[in-house]
1. Given the DSSP H assignment, sum -39500 (n - 2.57) over each helix run of at least 4 residues in the chain and divide by its residue total; what's the result at 222 nm in deg cm²/dmol, nearest 500?
2. Against the longest principal axis of the chain, how steep is helix 8-20, in degrees 0 to 90 to the nearest 10, with axes from Cα atoms?
3. If I compute Cα extents along the principal axes in Å from the structure I just sent, which labelled value in (1) 84, 58, 39; (2) 54, 48, 40; (3) 73, 49, 39 lines up?
4. Most exposed first by the Cβ proxy, i.e. fewest other Cβ within 10 Å, how do 160, 165 rank?
5. Could you sort the peptides 231-242, 62-73, 265-276 by per-residue average Cβ neighbour count (10 Å cutoff), highest mean leading?
6. To make sure I understand, if each residue's beta carbon is the centre and we count other beta carbons within 10 Å, what order do 97, 109, 155 fall in, fewest to most?
7. Which angle between 0 and 90 degrees, to the nearest 10, do you get for helix 247-256 versus the longest principal axis of the chain when only C-alpha atoms count?
8. Return a whole-number percent for the relative contact order of the chain, with Cα pairs under 8 Å and 6 or more residues apart as the contact set.
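Bear in mind that the values in this text are calculations on the coordinates, not laboratory data. The structure presented is a predicted model; accordingly, all values stated were derived computationally and were not measured. Cβ coordinates were reconstructed from backbone atoms using ideal geometry, including for glycine residues, and neighbour counts include every protein chain displayed.
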């Protein structure tokens with residue numbers, strides 16, 4: 001019976017940590033937190049029954065066993081990458097993109113057919129996870145993530161308007177017409193589960209938004225909570241309450257009339273959807289396949305924003321009886 005191998009993502013996290021001599025640089029390379037790297041290394045140590053890092057008050061250091069194991073893994077990962085690349089080249093070139101469930105379902109996937117028409121020889125793989133900690137086990141070209149963009153691997157922000165605003169279904173009875181921000185707490189306010197907030201998604205928190213919009217002491221939201229923004233927007237379209245959204249995530253529903261904006265107030269946010277390069281050539285020139293996708297993506301977003309800005313007036317709001 002062959003020996004039970006450790007999880008691949010634990011091996012990948014350790015290999016990066018051993019190569020860099022610490023957890024922080026490895027976390028930056030793999031786009032996860034240093035705590036996530038430390039956790040995976042500890043899991044690998046438990047699996048092997050060997051200390052791979054000495055943990056000291058002033059930092060960590062690779063043990064002799066860790067140096068030997070890390071060097072072997074670096075070579076093995078290199079061979080694996082070469083073998084995988086050979087397979088991809090025989091199938092046709094592949095662009096692998098990692099993003100969130102929300103961005104994939106609300107914007108990217110419905111438009112990928114346009115990219116395929118422009119670049120029929122380039123296959124696109126879209127990988128979706130609820131947490132970027134699984135990046136350590138993926139062979140990726142691009143990461144599209146909602147963040148402040150403060151990483152060395154950042155390519156460019158996606159040119160969606162940097163504002164957040166309320167949306168609801170046309171069928172939702174409103175307490176006044178026209179509505180004001182002060183009247184919003186009278187409605188069910190759909191919200192994200194605080195315990196699952198990814199980095200940056202505090203922009204979609206109601207208390208933060210209402211305070212920025214001029215309501216000095218907003219009450220706690222009264223509506224149901226959801227794990228992801230795209231789930232929250234489905235609830236809003238079903239008439240369950242008012243959600244916070246950006247144009248990137250709600251534009252299609254606004255144009256189609258499935259959602260409307262009960263108030264015109266918007267709140268600027270610092271975070272954006274950013275493109276990050278996660279390939280082997282990171283820090284140098286971007287591969288042609290990444291440049292082709294970037295060019296298409298920027299043009300498609302420009303068309304999308306223009307369409308949203310010139311769309312028809314949303315359906316008439318229904319006032320509460």
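1. -12000 deg cm²/dmol
2. Approximately 70 degrees, to the nearest ten.
3. (3)
4. In increasing order of surrounding Cβ atoms, one gets 160, 165.
5. Per-residue mean Cβ counts within 10 Å order the peptides as 231-242, 265-276, 62-73.
6. 109, 155, 97
7. Roughly 40 degrees between the two axes.
8. Computed value for the chain: 21 percent relative contact order.
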